[in-house]
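Beneath this line is the structure, given in structure tokens, with notes to follow.
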Amino acid sequence: MLVQKLEPNFTGINNLNEDLRAAAEVYILRRPNDVYDFLKKGPSAIALVSEAYERIREHFPQDEIFMEVLTDPGSPIEKELLISISTALPPIDAIRKLDAFDDSWWLGASSGSPADICIKVEYR
């Protein structure tokens, strides 16, 4: 489980590169340096994205999962971590699975998180 790879070894910024390498084993990182910066400023997000990966796999077992940071064009200070599930499912099926994921775990898990994280589907 990714959380077991990340949390025991996360002792601060010096080990963040190792933690990102562990995340890269399961997530496909877009603009890895941006992800690094985001997690450096909010390392508590590591546990959430770790468990999110495992939970996403319950609903989307075969699809690629990307992680990237988006910046609000109106405020370059405001950033969010975006997890994208790339799927070839018909849109209606993908949305149903995403809704089931949201209802079964994500909405509750993310509500107490200080990190701004969004999970969506994208279509191939």
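The values are calculated or read from the model by the stated rules, or taken from the named source; none is laboratory data. On a predicted model such as this, the values are computed, not experimentally measured, just so you know. Cβ atoms come from the backbone with ideal geometry, glycine included; neighbour counts cover every protein chain shown.
Within segment 91-124, track down each residue that is acidic (Asp, Glu) and crowded, with 17+ Cβ neighbours inside 10 Å. Before you say what the answer is, go through the steps one by one.
Initial filter on segment 91-124 (acidic (Asp, Glu)): 93, 99, 102-103, 116, 122.
Across segment 91-124, the qualifying residue is only 116.
Filter segment 6-48 down to residues that are of a type outside the set (Phe, Trp, Tyr), modelled with pLDDT under 70, crowded, with 17+ Cβ neighbours inside 10 Å and under 21 Å from residue 110 (Cα atoms), then give me how many there are.
4
Across segment 65-80, what is the number of residues that are surrounded by fewer than 17 Cβ atoms within 10 Å (Cβ to Cβ) and either of a type in the set (Phe, Trp, Tyr) or within 20 Å of residue 105 (Cβ to Cβ) (or both)?
Selection size over segment 65-80: 2.
Between a residue in segment 77-97 that is within 23 Å of residue 51 (Cα to Cα) and any residue that is at pLDDT below 95 and in a loop (DSSP other than H, G, I, E, B), which pairs come within a Cβ distance under 8 Å, given they are 6 or more apart or on different chains?
Taking only residues 6 or more apart or on different chains, the pairs are 79/116; 80/116; 81/115; 81/116; 83/27; 86/124; 87/124.
Determine whether residue 113 is touching a helix residue (DSSP H, G or I) at 6+ places or on another chain (Cβ under 9 Å) and at pLDDT below 95.
Yes; evaluated as a whole, the condition is true for this residue.
Could you pull out the residue among 50, 86 that is in contact with an Asp or Glu (Cβ under 8 Å, 6 or more places away or on another chain) and over 15 Å from residue 115 (Cβ atoms)?
86
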